[in-house]
């Protein structure tokens, strides 16, 4: 059976250089907890999981953080489809690989540091049932803003999250690149026109999502944020591990401004 949603999650875990405020190998620590939460709260019949190993070298024997409950082998074994790259191709190119092999009616593109609660995928799907103008091209969740940090946020139950503020409201021109849902047919339309899903000129990180939004708008669709569900985005975990991420950001900003004629 065709899955309703194909979930595309690129990941990059290194033995060295991925430590931080959450201890050794913090990138994997948070990603494994977030993936486990997604699996726990999302009905399996709803989705296929596509993981892209973007040049990781972290193995089970490397784990050196007492807080880590899972092994790298466990993480990759959760995939219905696993794509392994010998080196880090960058976020956009890795997503392109995942979307290309996806068979779902919808694509959920998601960073690996998103903490979700039950109803996450279902509420995003429901946005496409709303008669909104312009029509829905992309659906995104609202953000949980309590200020509770990881790992404490993992113990917060959905009923303790403010899900009532602006409930039933849909914010237009939403631009949350860390978790969004689109129909695969619309992504394929963009691919047919442009030759790619994410524009590969935006190397590694920054602006690849903003470029995608603009291309969706060109086709007459809109991106909407639903206030019926919230997620917690830990943020800046993988990007902070690039020593030259400020330089990459500056180059991509220039490329984006040139492409879209922004002065």
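The values are calculated or read from the model by the stated rules, or taken from the named source; none is laboratory data. Everything numeric in this text was worked out from a predicted model, so none of it was measured. Backbone-built Cβ (ideal geometry, glycine too); neighbour counts: all protein chains shown.
Cβ-Cβ distance below 6 Å, separation of 6 or more or different chains: which pairs start in the stretch 38-49 with a residue that is on the phi < 0 side of the Ramachandran plot and in a loop (DSSP other than H, G, I, E, B) and end on one that is modelled with pLDDT under 95 and surrounded by fewer than 20 Cβ atoms within 10 Å (Cβ to Cβ)?
Partner pairs satisfying both residue conditions: none exist.
Would you be able to tell me the number of residues in the stretch 36-53 that are closer than 19 Å to residue 236 by Cα and surrounded by fewer than 24 Cβ atoms within 10 Å (Cβ to Cβ)?
First, pick out the residues of the stretch 36-53 that are closer than 19 Å to residue 236 by Cα: 52-53.
Checking the rest, the ones that are also surrounded by fewer than 24 Cβ atoms within 10 Å (Cβ to Cβ) come to 53.
Here the count works out to 1.
Among the residues of the stretch 223-231, is any farther than 26 Å from residue 49 by Cβ and not in a loop (DSSP other than H, G, I, E, B)?
Within the stretch 223-231, one or more residues are farther than 26 Å from residue 49 by Cβ and not in a loop (DSSP other than H, G, I, E, B).
I need the full set of residues from the stretch 132-185 which are on the phi > 0 side of the Ramachandran plot and surrounded by 13 or more Cβ atoms within 10 Å (Cβ to Cβ), in order please.
Narrowing the stretch 132-185 to residues on the phi > 0 side of the Ramachandran plot: 147, 166, 168, 173.
Within the stretch 132-185, 166 is the sole residue that qualifies.
To keep it simple, each residue is scored yes or no on (1) in contact with a helix residue (DSSP H, G or I) (Cβ under 6 Å, 6 or more places away or on another chain); (2) at pLDDT below 95; (3) at positive phi.
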position	(1), (2), (3)
215	yes, no, no
231	no, no, no
243	no, yes, no
246	no, yes, no
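Just to be sure I understand, how many residues within the stretch 59-77 are without any contact (Cβ under 8 Å) to a residue 60 or more places away in the chain, surrounded by 15 or more Cβ atoms within 10 Å (Cβ to Cβ) and out of contact with any strand residue (DSSP E or B) (no Cβ under 6 Å at 6 or more places or on another chain)?
Number of matching residues: 6.
Which of the residues that make up the stretch 118-150 are out of contact with any helix residue (DSSP H, G or I) (no Cβ under 7 Å at 6 or more places or on another chain) and more than 15 Å from residue 228 (Cα to Cα)?
The answer is 131, 132, 133, 134, 135, 146, 147, 148, 149.
Please go through the stretch 211-233 and pick out each residue that is out of contact with any strand residue (DSSP E or B) (no Cβ under 7 Å at 6 or more places or on another chain), under 20 Å from residue 92 (Cα atoms) and buried (at least 16 other Cβ atoms within 10 Å of the Cβ).
211, 212, 215
Note down all Cβ pairs under 7 Å where the first residue falls in the stretch 150-161 and is under 11 Å from residue 118 (Cβ atoms), the second is part of a helix (DSSP H, G or I) and at pLDDT 95 or above, and they're at least six residues apart or on different chains.
If the second residue must be part of a helix (DSSP H, G or I) and at pLDDT 95 or above, no pairs are left.
From (1) in contact with a strand residue (DSSP E or B) (Cβ under 7 Å, 6 or more places away or on another chain); (2) surrounded by 21 or more Cβ atoms within 10 Å (Cβ to Cβ); (3) part of a helix (DSSP H, G or I); (4) in contact (Cβ under 8 Å) with a residue 40 or more places away in the chain, pick out the condition that doesn't hold for residue 27.
(1)
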